[in-house]
Amino acid sequence: NAGVTQTPKFRVLKTGQSMTLLCAQDMNHEYMYWYRQDPGMGLRLIHYSVGEGTTAKGEVPDGYNVSRLKKQNFLLGLESAAPSQTSVYFCASRQQSSGNTIYFGEGSWLTVV
Amino acid sequence: AQSVAQPEDQVNVAEGNPLTVKCTYSVSGNPYLFWYVQYPNRGLQFLLKYITGDNLVKGSYGFEAEFNKSQTSFHLKKPSALVSDSALYFCAVREASTGGFKTIFGAGTRLFVKA
């Protein structure tokens, strides 16, 4: 049971470099999310998608872009990485019905030096 | 706007004692409420949720939570704590409407159970 899979799991970037985090889910979920987790701040929503080809901004979208070209994939991009983007990133997904549970990936640890 | 508050950064309890992890929320309209647990270097795992019906919700690993609409609270409880319950716990809220796309999480409470 794969569920929600994130790649890469660990990455070190230099300031100004770009990278893409990939999220894939095999549960046929309509909604997908990217969160970042920082000490003392819990999980903050970066961007989300309610279906293929759609994306929307969350609480902390600046410095990130996303794309949902296929229903099963949700990509998070950093065009020019900054040290403030050092964090743990979690992808999540759920079915459309509003009471449904969110399922999380295992996380991607990103360090920007 | 939705928000969640977990007033305690850490909760310490002795093994075998009851535990409570507090959560209060703010949302326009009716809420859907969730508790998740996170073990070190892992993703969040679902524990339980309140959607509608009985205010006392039972979930995984012997945990339960009580929805209190007047106090806008959804505290997590367990009658007898285990050392293995030590982890980071997150409360979350989602607006119960057709536009309720976003789930907002609290800052988390670290539970430490001492043997």
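The values are calculated or read from the model by the stated rules, or taken from the named source; none is laboratory data. As the structure is a prediction and not an experimental result, all values here were calculated from the model. Positions of Cβ are generated from backbone atoms using ideal geometry, with glycine treated the same way; all protein chains shown enter the neighbour counts. These area figures cover heavy atoms from the full protein model, side chains too; ligands, DNA and RNA do not enter into them. Shrake-Rupley method; radii C 1.70, N 1.55, O 1.52, S 1.80 Å.
Odds and ends about this structure:
- Qualifying residue in the range A:32-47 (condition: at the interface with chain B (Cβ under 8 Å from one of its Cβ atoms), open to solvent by less than 30 Å² (accessible area, probe 1.4 Å) and among the small types (G, A, S)): yes
- Of everything in the range A:83-104 that is buried (at least 21 other Cβ atoms within 10 Å of the Cβ) and farther than 19 Å from A:P61 by Cβ, the residue that is farthest from the other protein chains (Cβ to nearest Cβ) is A:R94.
- Residues of the range A:48-81 satisfying the condition of being touching a residue at least 40 places away in the same chain (Cβ under 8 Å) and open to solvent by 30 Å² or more (accessible area, probe 1.4 Å): A:V50, A:K71, A:Q72, A:N73, A:L75, A:E79, A:S80
- Restricting A:G63, A:G53 to those that are away from chain B (no Cβ under 12 Å), in contact with a helix residue (DSSP H, G or I) (Cβ under 8 Å, 6 or more places away or on another chain) and either more than 23 Å from B:T109 (Cβ to Cβ) or of a type in the set (D, E, K, R) (or both) reduces the list to A:G63.
- Of all residues in the range B:88-115, those satisfying the criterion of being hydrophobic (A, V, I, L, M, F, W, C) and within 14 Å of another protein chain (Cβ to nearest Cβ) are B:L88, B:F90, B:C91, B:A92, B:V93, B:A96, B:F101, B:I104, B:F105, B:A107.
- Qualifying residue in the range B:96-103 (condition: touching a Ser or Thr at 6+ places or on another chain (Cβ under 7 Å) and surrounded by 15 or more Cβ atoms within 10 Å (Cβ to Cβ)): yes
- The set of residues in the range A:44-89 that are assigned to a loop (DSSP other than H, G, I, E, B) and of a type in the set (S, T, N, Q) comprises A:T54, A:T55, A:Q72, A:S80, A:T86.
- Selection within the range B:10-32 - modelled with pLDDT of 95 or more, open to solvent by 30 Å² or more (accessible area, probe 1.4 Å) and either within 14 Å of chain A (Cβ to nearest Cβ) or closer than 18 Å to B:G106 by Cβ (or both): B:Q10, B:T20, B:K22, B:T24
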